[in-house]
Amino acid sequence: PHCEYEKTEFWAAFEKCVARLKDGMRQAFVLKMLEGMPTEEVCKVLGIEPNHLWVLNHRARKQLKSCLEANWDREENP
């Protein structure tokens with residue numbers, strides 16, 4: 001039960017952090033990383049080049065990591 005609570009807590013924090021991303025970055029991250037859309041398709045939908053998609057997702061991952069570290073309370077198990 002405790003593990004399920006942590007999963008629920010994590011996903012709630014994750015969704016809040018994703019919502020804080022700038023619009024274009026959030027769209028790129030959700031389409032590519034969460035929905036698994038192919039790079040070519042994401043680029044076509046967003047009207048960007050593959051290199052720009054990579055940059056957006058790299059920045060999104062960094063911001064999500066920082067946000068989760070600051071906002072996701074979890075107990076560390078040794």
Cα-centred dipole magnitude for the chain, charges only on beta-carbon of K, R (+1) and D, E (-1), debye, nearest 20 = 400 debye
Protein-only accessible surface order, largest first, of 59, 20, 26 at 1.4 Å = 20, 59, 26
Of the accessible area of region 28-78, computed with a 1.4 Å probe and all protein chains kept, carbon and sulfur make up a percent value of 51 percent
Please label the shape of the chain as rounded, prolate or oblate, based on the square roots a ≥ b ≥ c of the eigenvalues of the alpha-carbon gyration tensor (a/c under 1.5 means rounded; beyond that, a/b larger than b/c means prolate, else oblate).
-> prolate
Roughly how many Å² of residue 55 are accessible to a 1.4 Å probe, to the nearest 10?
-> 50 Å²
Spatially near lysine pairs across region 1-71, Cα under 22 Å, sequence gap of 8 or more or different chains | 13
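The values are calculated or read from the model by the stated rules, or taken from the named source; none is laboratory data. Quick caveat: nothing in here was measured; it's all calculated off a predicted structure. Here the Cβ is made from the backbone with ideal geometry for all residues, glycine too, and neighbour counts use every protein chain on show. Remember, those area values only see protein heavy atoms, side chains included, never the ligands or the DNA or RNA. Shrake-Rupley method; radii C 1.70, N 1.55, O 1.52, S 1.80 Å.
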